[in-house]
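In what follows, a single structure is set out as structure tokens and then discussed.
The values are calculated or read from the model by the stated rules, or taken from the named source; none is laboratory data. Here the structure is a predicted model, which means the values were calculated and not measured. Neighbour counts are summed over all protein chains in view; Cβ atoms, including those assigned to glycine, are modelled from backbone coordinates with ideal geometry.
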Amino acid sequence: MEVTVTINGDSHSHDVEPRTLLVHYIRDVVGLTGTNIGCDTSSCGACTIHVNGESVKSCTMLAAQADGQDLLTIEGLADGDVLHPMQESFRQCHALQCGYCTPGMVMAAVSLLDENPSPTEREVRIGLEGNLCRCTGYHNIVKAVLHCAEAQS
Amino acid sequence: MIPAAFDYVRAGSAEEALAALAEHGDEAKLLAGGHSLLPLMKLRLATPAVLVDIGRLSDLSYINDAGDHLAIGALTRHRDVETSELVRSQAGLLAEATSHVGDPQVRHRGTIGGSVAHGDPASDLPSVLLAMRATLVVQGPGGQREIAVDDFFTGFLETALGDDELLTEIRVPKMPDATWGFQKFNRRAQDWAIVGVSAVVGHASAGVGLVNMDSIPVRATGVEAALAGGASAADAAAAAAEGTNPPSDLNAGPEYREHLARVLTRRALEAAGR
């Protein structure tokens, strides 16, 4: 079936099998490999992207469901060489260790602040419950999100 | 993990969805947000030959004040339920429990109707609908019918929905003055409840629904009867596991679940001010 999506502002159109998962479409068909696959069971959040401005786990959505929708992946977050404030906060707060969860963590965090621009530390921890960091580096991730919220206020 | 191959049909209206169901019968499954069905399909525990995508039927996404109840469209996303002022003020238990479904990403896609129609005894929302005595509105080839939530769950992942029927609306009685408590016990963030309890206490009656205490979502009838007889929270909660048949899995055996049901019911009732 024909699927047309906008990813990071660019239109993409491909013929795919109906069972193609969105994350496989993004990585294998379009070639944007910044979105990672961790657990593949909608638990870990490594594959988090934005669909129409909201965080979604792209391993639990069909490419067919995304037809006609506006997607944002980690590659589309920065403005050229200028990092998005959340990426900059992750860098400054050293909010990553191995980095595998980072793209999904950043995309979830951006969506979190879109919905709640000044969260408490507890709200950040609960708001990121859909993202796992197997390095258990949560402390600095939470710091980075709070830092970003403060920088943007 | 990749689902088995299927044909994909995108319904442009409820009528189109019903026509597709009529054509494909039990070969077809409805796809709403997909956050219950797609994980099962990826594990190949579900292998529908035809997937009828109803995710774009935006006219089934609404929360309306319908007099004595809230009318919630089956395709209303969890995110929209949990943030609705109307739900918060008229059915606080539903808003609170919905905020515990999955995680934010799941709630951006998952729908109340999809969750309920999935009929999973480990889901949070059926316990709320049982406690609040909701009614489910279903459309089929013969027209519309209403199903009381007590008659809706018929077996493990099975409901009273026919193969040719579509859940369209959930009617939740407005209970602005009721007090309530929601308890969900799990070991890790975002896990399914090992046991959960929804309790709502109105001036005339109380309702208590249980999560993961049987092969279907069940009501704690012993607790409700004790409360009607004037029992305290602690005394009523002692009956929480009566008549249930809790499952055994790697998280807990039946005895531990029965213990959790009693403790969580007491906490839920105390939160509701009993």
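Note on region B:79-157: no enclosed strands (runs of 3 or more DSSP E) hold 1 or more residues that are at pLDDT below 95, surrounded by 24 or more Cβ atoms within 10 Å (Cβ to Cβ) and under 14 Å from the mean Cα position of the chain (by Cα).
Selection of region A:94-116 for residues being assigned to a loop (DSSP other than H, G, I, E, B) and among the small types (Gly, Ala, Ser) yields A:Ala95, A:Gly99.
Among the conditions (1) more than 11 Å from chain B (Cβ to nearest Cβ); (2) touching a helix residue (DSSP H, G or I) at 6+ places or on another chain (Cβ under 9 Å); (3) not charged (D, E, K, R), A:Met107 misses just one, which is (1). The residue of region B:1-40 that is farthest from the other protein chains (Cβ to nearest Cβ), among those that are of a type in the set (Ser, Thr, Tyr) and closer than 21 Å to A:Thr20 by Cβ, is B:Ser36. Hey, does region A:18-34 have a residue that's more than 25 Å from B:Pro3 (Cβ to Cβ) and either assigned to a loop (DSSP other than H, G, I, E, B) or acidic (Asp, Glu) (or both)? No: region A:18-34 contains no residue that is more than 25 Å from B:Pro3 (Cβ to Cβ) and either assigned to a loop (DSSP other than H, G, I, E, B) or acidic (Asp, Glu) (or both). If you go through region B:263-274 and keep only what is surrounded by fewer than 22 Cβ atoms within 10 Å (Cβ to Cβ) and of a type in the set (Lys, Arg), you end up with B:Arg267, B:Arg274.
Quick grid of which residues meet (1) assigned by TED's automatic domain parsing to the domain that holds A:His147; (2) over 25 Å from B:His78 (Cβ atoms); (3) without any contact (Cβ under 8 Å) to a residue 60 or more places away in the chain:
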{"site": "A:Arg27", "(1), (2), (3)": "no, yes, yes"}
{"site": "A:Ser43", "(1), (2), (3)": "no, no, no"}
{"site": "A:Val56", "(1), (2), (3)": "no, no, yes"}
{"site": "A:Ala64", "(1), (2), (3)": "no, no, no"}
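Could you say whether any residue in region B:48-62 is in a helix (DSSP H, G or I), more than 22 Å from B:Leu157 (Cβ to Cβ) and within 14 Å of chain A (Cβ to nearest Cβ)? There is at least one residue in region B:48-62 that is in a helix (DSSP H, G or I), more than 22 Å from B:Leu157 (Cβ to Cβ) and within 14 Å of chain A (Cβ to nearest Cβ).
From the list B:Gly209, B:Gly196, B:Gly202, the lone residue that is touching a Ser or Thr at 6+ places or on another chain (Cβ under 9 Å) and more than 30 Å from A:Arg125 (Cα to Cα) is B:Gly202. Residues in region B:204-237 that are farther than 19 Å from B:Lys184 by Cβ and assigned to a helix (DSSP H, G or I): B:Thr221, B:Gly222, B:Glu224, B:Ala225, B:Ala226, B:Leu227, B:Ala228, B:Ala234, B:Asp235, B:Ala236. Residues that are away from chain B (no Cβ under 13 Å) and on the phi > 0 side of the Ramachandran plot do occur in region A:76-93, at least one of them. Can you tell me how many residues within region A:21-60 are buried (at least 20 other Cβ atoms within 10 Å of the Cβ), β-branched (Val, Ile, Thr) and within 14 Å of another protein chain (Cβ to nearest Cβ)? Final tally of qualifying residues: 7.
Here is a yes/no grid of residues against (1) within 14 Å of chain A (Cβ to nearest Cβ); (2) β-branched (Val, Ile, Thr); (3) touching a His at 6+ places or on another chain (Cβ under 6 Å):
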site	(1), (2), (3)
B:Ala71	no, no, no
B:Asp80	yes, no, no
B:Leu86	no, no, no
B:Gly92	no, no, no
B:Ala95	no, no, no
B:Val101	yes, yes, yes
B:Pro104	yes, no, no
B:Gly119	no, no, no
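Is it true that A:Leu96 is assigned by TED's automatic domain parsing to the domain that holds A:Pro18 and touching a residue at least 40 places away in the same chain (Cβ under 8 Å)? No.
Every test in (1) assigned by TED's automatic domain parsing to the domain that holds A:Glu115; (2) in contact (Cβ under 8 Å) with a residue 12 or more places away in the chain is passed by A:Arg91 save one, and that test is (2). One residue alone among B:Leu30, B:Leu37 is over 12 Å from B:Asp164 (Cβ atoms) and either of a type in the set (Asp, Glu) or out of contact with any Phe, Trp or Tyr (no Cβ under 7 Å at 6 or more places or on another chain) (or both), and that residue is B:Leu37.
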